[in-house]
Structures are given as structure tokens and as C-alpha cells.
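Below is one structure, written out as C-alpha cells; the observations come after it.
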Amino acid sequence: MAGVTEHTVDVVLPCLNEAEALPWVLARVPAGWRALVVDNGSTDGSADLARSLGATVVTEPRRGFGAACHAGATASDAEYVCFSDCDASLDPGLLTGFVRAVAAGEADLVLGGAGRRAGAPGGARPRRERRAVPDAAPPHRAAAARPRPLRAMRREALLGLELTDRRSGYPLQMVVRARTRAGGCGGGRALPAPDREVQGHRHLAGHLARGPRHARRARGALVRPVPGGAR
């Protein structure tokens with residue numbers, strides 16, 4: 001890949017009981033890239049399976065999608081950090097194009113993959129999830145309304161965002177802060193990434209009883225005006 005040499009990319013894979021999906025997911029991580037499986041309390045042997053398949057396992061006891069993502073980002077020592085769901089709903093192999101765009105300076109943050117639910121035609125999200133983010137401020141409406149689990153960014157730039165959300169608001173906070181650091185000019189780019197049927201159950205940010213509630217809280221905090229007029 002032009003501009004990206006071997007061992008400069010880590011793929012963070014938040015994981016909670018994904019033993020069924022792990023073999024397919026890890027097989028799709030591009031050659032030469034490191035898979036960082038962040039075990040967030042699995043009881044189905046996911047961590048041991050991931051190790052046996054060649055992944056580096058990071059243990060994060062604090063539950064939450066953001067907590068798992070942050071643990072993976074801080075454990076990384078690569079120039080580029082990518083994120084993907086670990087349930088086989090998206091193909092990590094697609095991330096090569098994302099990293100290429102970041103390496104070429106086309107964007108600071110590249111994201112792709114629409115919100116979806118298992119077995120739903122067209123990747124539709126449950127009504128409760130759609131209600132969680134319908135009225136975000138205009139600059140962030142697309143990111144809030146259509147979560148995009150595939151992401152790529154330079155590690156140094158990612159850590160410089162100083163993300164604090166440790167639940168399901170982590171992806172939205174990433175987009176908001178990336179835009180803010182880019183002077184509100186939109187430092188991000190979205191690329192298409194087709195969804196696949198989810199293997200097993202949804203996890204972490206996908207708990208229907210809690211995820212949308214956490215997302216609403218995160219959205220409200222992120223788009224609330226702060227002193228000086230910045231958002």
C-alpha cells in the first residue's frame with residue numbers, strides 16, 4: 001500500500017463474547033497489520049481464541065465500547081490506528097483504503113459503515129437506536145445519525161483528541177473533536193463499507209436497553225455550547 005509500510009497499522013477490535021466471529025474477522029485483517037483484540041469481559045474464550053489466531057489481546061475490565069476502544073488506542077504503537085467491530089458485520093479488509101486516504105493527507109479521520117442490526121435488510125437500525133440521535137447539531141448530524149464503525153486515523157492525532165467518553169458516545173466524540181481540531185472545516189471523510197449479517201449477538205454499545213440512552217447523553221454533552229462559542 002502506497003505510503004504505508006509493514007507493521008505501521010494496528011486494528012483495534014473491541015470484543016465481548018465474539019468467539020463465533022473472531023476467526024473470520026482476524027482472517028480479514030490485512031497482512032502485515034496487527035490485530036489488537038480488546039477483551040472487555042468475555043466468558044466464551046474469546047481472548048484465548050484470539051491469541052491462538054495470532055492477535056495481540058489487550059484486557060480492559062471496565063465495560064463500555066469507549067473504554068475498549070481507548071484501551072486499544074493506548075496499547076497501540078503504530079503510526080496508524082484503525083477500528084472495526086468484532087462481530088463480523090463489517091470487513092476489516094476494507095480499511096486498507098481508509099489508511100491510504102489518511103496517509104495521502106486526504107483526511108485526518110476516515111470512517112465508513114452504516115448503523116445496522118442483524119438480519120435487517122439494507123442495514124436498518126432498530127427504531128430505538130434511530131431515536132437516539134435524530135436531532136444532533138447540523139455539523140454532526142450525519143455522524144450521529146449513521147454510526148460508522150470502521151475508522152482510521154494517525155495514532156498521534158487520535159490521542160491528541162483527548163477523548164473522554166468511555167461508553168457508546170466514543171465514536172461521536174471522535175468525529176466532533178476531529179472536526180473542531182480541523183477548525184470546523186471537516187477533517188473527516190466517509191467511505192462506503194457494506195455491512196454483513198451480524199454473527200452472534202450485539203455487544204458493548206449495541207445493548208438496546210442502554211446504548212441509545214448513553215448516546216443521547218453523549219450527544220447532548222458534545223453539541224452543547226462551551227465558553228468562547230466553540231463546540
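The values are calculated or read from the model by the stated rules, or taken from the named source; none is laboratory data. This is a predicted model, so every value here is computed, not measured. Backbone-built Cβ (ideal geometry, glycine too); neighbour counts: all protein chains shown.
For segment 1-115, give me every one of the helices (runs of 4 or more DSSP H) that falls completely inside it and has 3 or more residues that are over 21 Å from MET174 (Cβ atoms).
Numbers: elements: 22-27, 46-52, 65-75, 95-103.
Once the helices (runs of 4 or more DSSP H) in segment 1-115 are filtered for at least 3 residues that are over 21 Å from MET174 (Cβ atoms), what remains is 22-27, 46-52.
Output yes when any residue across segment 70-80 is crowded, with 21+ Cβ neighbours inside 10 Å and either at pLDDT below 95 or among the β-branched types (Val, Ile, Thr) (or both), and no when none is.
For segment 70-80, residues crowded, with 21+ Cβ neighbours inside 10 Å and either at pLDDT below 95 or among the β-branched types (Val, Ile, Thr) (or both): absent.
Give me the residue from segment 116-132 that is under 20 Å from ALA21 (Cα atoms) and in a loop (DSSP other than H, G, I, E, B) and, out of that set, modelled with the highest pLDDT.
ARG116
Do the conditions hold for ARG62, that is, is it of a type outside the set (Gly, Ala, Ser), touching a residue at least 24 places away in the same chain (Cβ under 8 Å) and more than 20 Å from LEU161 (Cα to Cα)?
Details: of a type outside the set (Gly, Ala, Ser): yes; touching a residue at least 24 places away in the same chain (Cβ under 8 Å): yes; more than 20 Å from LEU161 (Cα to Cα): yes.
Answer is yes for this residue.
If we scan segment 41-56, do we find a residue that is closer than 18 Å to LEU163 by Cβ and touching an Asp or Glu at 6+ places or on another chain (Cβ under 9 Å)?
Keep residues of segment 41-56 that are closer than 18 Å to LEU163 by Cβ, which gives none.
Within segment 41-56, none of the residues are closer than 18 Å to LEU163 by Cβ and touching an Asp or Glu at 6+ places or on another chain (Cβ under 9 Å).
Quick one: in segment 17-41, which of the residues that are in contact with a Leu (Cβ under 7 Å, 6 or more places away or on another chain) and buried (at least 21 other Cβ atoms within 10 Å of the Cβ) is nearest to LEU94 (Cα to Cα)?
VAL25
Tell me, which residue of segment 156-207 that is of a type in the set (Gly, Ala, Ser) and modelled with pLDDT of 90 or more is surrounded by the most Cβ atoms within 10 Å (Cβ to Cβ)?
Quick first cut of segment 156-207, residues of a type in the set (Gly, Ala, Ser) only: 157, 160, 168-169, 178, 182-184, 186-188, 190, 193, 200, 205-206.
Remaining after also requiring modelled with pLDDT of 90 or more: 157, 160.
On the way: ALA157: 16, GLY160: 13.
Step by step, filter segment 156-207, then rank; the result is ALA157.
Which of the residues belonging to segment 81-96 are more than 21 Å from SER42 (Cα to Cα) and surrounded by fewer than 24 Cβ atoms within 10 Å (Cβ to Cβ)?
Of everything in segment 81-96, those that are more than 21 Å from SER42 (Cα to Cα) and surrounded by fewer than 24 Cβ atoms within 10 Å (Cβ to Cβ) turn out to be ASP91, GLY93, LEU94, THR96.
Looking at THR5, THR56, can you tell me which residue is modelled with pLDDT under 95 and either more than 17 Å from the chain's Cα centre (by Cα) or surrounded by 17 or more Cβ atoms within 10 Å (Cβ to Cβ) (or both)?
Values: THR56 fails: modelled with pLDDT under 95.
The match here is THR5.
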